[in-house]
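The structure appears right after this line, and notes come after that.
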Amino acid sequence: MRVLHVTAYFAPAYGFGGPPRSLLALCRAQRQAGMAVDVFTTTANAGARLPAHPEGVDVEGVPVSYFPVSAPAALLGATSMRRALGLAAVDADLIHIHGLFNRTVWMGASIARAAGVPSIVSPRGMLEPAALAHHRWRKRASWQLFDRRALHGAAAWHATSHAEAEALRLRDHDKPIAEIPNSVEPVTVDEAARLEARQSAGVPAGAPYVLFLGRIHPIKRLDLLAAAFALVRASVPAAHLVIAGPDERGHRARVEPLFAPIAANVHWCGEVDGRRKAGLVSGATTLVLCSDSESFGMSVAEALIASVPAVVTRTCPWPMLDTVKCGYWVPQTPEALARGLIHVLSDLDEARAMGRRGHELVAREFGAPAVAARWAAFYRDVAAMRGSRQESR
């Protein structure tokens, strides 16, 4: 089974949030399961562009070809990718396209049609209402001109959560949809890494801290978190808040003043990765996520696998926090968010028990072997469609 993954951005372009990281984990799991996997992507990055490697380079065991972004850069395309991807498609069993609303997606869909290779589209949350509202008019035009055909012309779709799958079914009741979560790999963290991460963030020794891990972007609703944490501080004065993630388009300057009344207990770390990120996650008392929309919410899975409970709003697809009792799934209001955080911070023994239950959940449901096996079965079904006429609308 040879699979070509086509995406506008890939690891280490972590400034784009969770998708580059989760896609790398997916490719690693698929390679370990014996699949032949190749990634075609661009040099796009939230900061400085990545080095171009059109000939291919190894990224943690995954062969990746990086093609230089071509104008207009905002559309995240690489003209030089077309020939290489077209040649690779001849021997591929299927093409897996990630995201929407960019030239790389359109190219991948076009080449799949031309080569008669079945394609799968993973929208990665880009069809959620909150995501569609961002750059609304540009996305409406893109949908009519390119993305509608790319999506509906695919042999099948993929959703990372039940909520995303249900939203996709409203667009086409007959399209095969695989509901497969992102895979999560456990990270070994020692006490030294936790201590270093705490010190680098400026959190006092022994103080409990809440961790926000993600892009500094309007959709993440840090304004709501500011109001919620002010309520938390009134109840748990020793609590601290660590905000770790890349600043997207200067949004931090707009939202940071909202934290001014509690600034002494709020720590901005910027983008974190590797040992520092693992130490911050493992050392947190709880993780918080209150986005307007998430197709999955990778930071929640990363916290749970590290035995850290999570407090997440119901705008994100984590109802199992309540059912498995590994955190709190709450309404998207400052008061509800604060109540969940206060519950965790006020009973550290129960917080540790929730963390253990969360670890067991993620290891069982989102572990790399289990997720890779589900992908292998779905890929076999889709690859069998080769030669059939893909729907084009």
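Of these, Val6, Val57, Val64, which one is free of Cβ contacts under 8 Å to residues at least 24 places away in the same chain, in a strand (DSSP E or B) and among the hydrophobic types (A, V, I, L, M, F, W, C)?
Selected residue: Val57, the only one of Val6, Val57, Val64 that is free of Cβ contacts under 8 Å to residues at least 24 places away in the same chain, in a strand (DSSP E or B) and among the hydrophobic types (A, V, I, L, M, F, W, C).
Among all residue pairs at least 6 apart or on different chains, which show Cβ distances below 6 Å where the first residue, located in region 313-334, is more than 13 Å from Leu224 (Cβ to Cβ) and the second is of a type in the set (S, T, N, Q) and in a loop (DSSP other than H, G, I, E, B)?
Between residues of region 313-334 that are more than 13 Å from Leu224 (Cβ to Cβ) and residues that are of a type in the set (S, T, N, Q) and in a loop (DSSP other than H, G, I, E, B), the close pairs are Pro317/Ser161.
In contact with a strand residue (DSSP E or B) (Cβ under 9 Å, 6 or more places away or on another chain) and in a loop (DSSP other than H, G, I, E, B): is that true of Ser291 in this structure?
It is true that Ser291 is in contact with a strand residue (DSSP E or B) (Cβ under 9 Å, 6 or more places away or on another chain) and in a loop (DSSP other than H, G, I, E, B).
Report whether or not Arg49 is of a type outside the set (A, V, I, L, M, F, W, C), surrounded by fewer than 16 Cβ atoms within 10 Å (Cβ to Cβ) and not in a strand (DSSP E or B).
yes
Quick one: is Gly34 in a loop (DSSP other than H, G, I, E, B) and either more than 17 Å from Arg124 (Cα to Cα) or touching a Gly at 6+ places or on another chain (Cβ under 7 Å) (or both)?
Criteria met by Gly34.
What number goes with the only condition from (1) within 15 Å of the chain's Cα centre (by Cα); (2) closer than 20 Å to Leu231 by Cα; (3) of a type outside the set (Lys, Arg) that Ala301 does not pass?
(2)
Would you please name the residue that is surrounded by the most Cβ atoms within 10 Å (Cβ to Cβ), looking only at residues in region 323-341 that are among the hydrophobic types (A, V, I, L, M, F, W, C) and outside any helix (DSSP H, G or I)?
Residue satisfying both the conditions and the ranking: Cys326.
What's the total number of residues in region 154-174 that are farther than 13 Å from Ser295 by Cβ and modelled with pLDDT under 95?
Selection size over region 154-174: 6.
If I ask for residues that are of a type in the set (D, E, K, R), modelled with pLDDT of 95 or more and over 21 Å from Val281 (Cα atoms), which ones from region 214-251 would you list?
Correct list: Asp223 only.
Which of the residues spanning region 264-288 are touching a residue at least 12 places away in the same chain (Cβ under 8 Å) and assigned to a helix (DSSP H, G or I)?
Asn265, Arg275, Arg276, Lys277, Ala278, Gly279, Leu280, Val281, Ser282, Gly283
Listed here are the residues, each with its yes/no results for (1) crowded, with 21+ Cβ neighbours inside 10 Å; (2) in contact with a strand residue (DSSP E or B) (Cβ under 7 Å, 6 or more places away or on another chain).
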| residue | (1), (2) |
| --- | --- |
| Ala89 | yes, yes |
| Gly99 | yes, yes |
| Val105 | yes, yes |
| Ala112 | yes, yes |
| Ser122 | yes, yes |
| Leu127 | yes, no |
| Arg136 | no, no |
| Lys139 | no, no |
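Condition first: at pLDDT 95 or above, in a helix (DSSP H, G or I) and farther than 19 Å from Asn265 by Cβ. Can you find one or more residues in region 201-213 that meet it?
Looking for residues that are at pLDDT 95 or above, in a helix (DSSP H, G or I) and farther than 19 Å from Asn265 by Cβ, one finds none in region 201-213, hence no.
Looking at (1) over 30 Å from Ala155 (Cα atoms); (2) at pLDDT 95 or above, can you tell me which one Ala363 breaks?
Single failed check for Ala363: (2).
The values are calculated or read from the model by the stated rules, or taken from the named source; none is laboratory data. Just so it is clear, the structure is predicted and the values come from calculations on it, not from any experiment. Neighbour counts run over all protein chains shown; Cβ positions are idealised from the backbone, glycine included.
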